[in-house]
1. Sort 6, 63 by accessible area with a 1.4 Å probe, largest first.
2. Going Cα to Cα from residue 33, which lysines come in below 29 Å? Please leave out same-chain ones fewer than 8 positions away.
3. In the chain, carbon and sulfur make up what percent of the accessible area (probe 1.4 Å)?
4. Relative to the longest principal axis of the C-alpha atoms of the chain, give the angle of the C-alpha long axis of helix 325-336, reported between 0 and 90° and rounded to the nearest 10°.
5. Report the label-to-label distance for residue 284 and residue 369 in nanometres (one decimal), using points 7 Å from each Cα along the Cα→Cβ vector.
6. How much length is gained if the chain between residue 116 and residue 95 is pulled fully straight, taking 0.36 nm per residue apart and subtracting their Cα-Cα distance, in nm to one decimal?
7. Under 19 Å Cα to Cα from residue 361, which aspartates and glutamates show up? Leave out anything in the same chain fewer than 8 places away.
8. Considering the Cα trace of the range 82-194, what is its radius of gyration and what is Dmax, both in angstroms?
Amino acid sequence: MERIGIFGGTFNPPHIGHIHAVKQAIEALNLQKVFLVPDCIAPHKTMAPGSPTPEERLEMLKIAISGDPRLEACDIELKRGGVSYTADTVASLKERYPDSQLVLLMGTDMFSCFRQWRNWESIAETVVIGVMCRGGKGEEAAIQAAGQELEARGVRVEQIRNDAVTISSTQMRRLLAFRCGDDFLPAGVGDYIREKGLYDGGADWKNLPMEELERVVIRLLNPNRVAHVLGCRDTAVDLARCWGADVTDAARAGILHDITKAIDGPLQLTLCAAYGKILSDFSRRYPKTLHALTGSLVAERIFGENPAVVSAIRYHTTGRADMNTLEKIIYVADYMEPNRNFPGVERLRSLAYEDLTGALKLGLEMTMDHLKEQGSETSPESREALDFLDGYIPQI
Ligand code: FE
Ligand code: FE
């Protein structure tokens, strides 16, 4: 019997992770064809500027799968409009292909909550479920637990290993905003995105007025980081007033300092490669520390910030020897902004307005102690920063 896969998603944008996962499923589950079904985003839902229309998502998907006759983009949910329910899609496809076996492909997260889906029983009566497992911690156990319950009710579940690149569409959109990410897009999709000006890729963000800069930055952060970044901006401004630094530079560096923090470790390396940066051994071992470097590159190249702002962002996590006032301010503001809460933060807060260098030294020492406790390596720049301040005695 012919076996047809169904793979739904937003495809905003479609990336190589989607395509690779589907191709693996074709081989592993012996599918003759897979329908890729973009869901309809309800018209009333607010979308970020630069978001594609449903038609553009469909078009990108068509480009992404062109050249492989086993893959077909299916506009059934877009045509139906409104909220997309898989049960409706499965029922329509079964009507069209009554003699084929339908295999509904999904990731582990979706599978774990399958019984919360609308009309899940009718879906389960109609299809075999193909679960794509990444082999993550606890994933197999989760699949087994959910699978046993479903199989007890007569649902057929087949498992496939998915070792496609791990990248989410959210990460993908951030990379595109930073003018890279083509490596993760199927051939032709990047050109289409640029031609249509999607995902902020063509926006000019150089020298934005402060309010607009804030709006753009907030869009690119993880929501749980926004309060920290705003707190850092306010603290940096207060410290700049106290220490006679440029208040505008302090505000801009504060708001931008974690601009690439939402990019995960491996993708930090992608950003560095895209910007032509050769990395130290330490950075390769600890890619999570790279957001200070990549943040400074984005601040310079995408936002057109001045060298003082760029440098303050560059050294906000590690510090360096002989730091200037703005660099010290951003380092210390990042450490003590109002959302920070750890033993010693009050001392740091009062010291910052009495002796900025003393506060910097205290921050560096606390970081070193913390890293040593964790058994992590300390960065060469932090060690140089502390060596430079060797013998410096805080003023209070
Ligand atoms: Fe940071
Ligand atoms: Fe920060």
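The values are calculated or read from the model by the stated rules, or taken from the named source; none is laboratory data. In this text the structure is predicted, and so the values were computed from the model without any measurement. Cβ placement follows ideal geometry from the backbone for every residue including glycine, while neighbour counts extend to all protein chains displayed. Accessible surface is based on the protein model in full, side chains and every heavy atom, while ligands, DNA and RNA are left aside. Shrake-Rupley method; radii C 1.70, N 1.55, O 1.52, S 1.80 Å.
1. Values: 6 5, 63 40 Å².
From most exposed to least exposed: 63, 6.
2. 23, 62, 79, 94
3. Numbers: 9070 of 18620 Å².
Result for the chain: 49 percent of the exposed heavy-atom area is carbon or sulfur.
4. Orientation of helix 325-336: about 60 degrees from the principal axis.
5. Taking the two extended label points, one gets 3.4 nm.
6. Working: separation 21, 0.36 × 21 = 7.56 nm, distance 2.41 nm.
Gain in length upon complete extension: 5.2 nm.
7. 322, 327, 334, 337, 346, 369, 373, 377, 381, 384, 387, 390
8. Computed over the Cα atoms of the range 82-194, radius of gyration and Dmax are 17.1, 49 Å.
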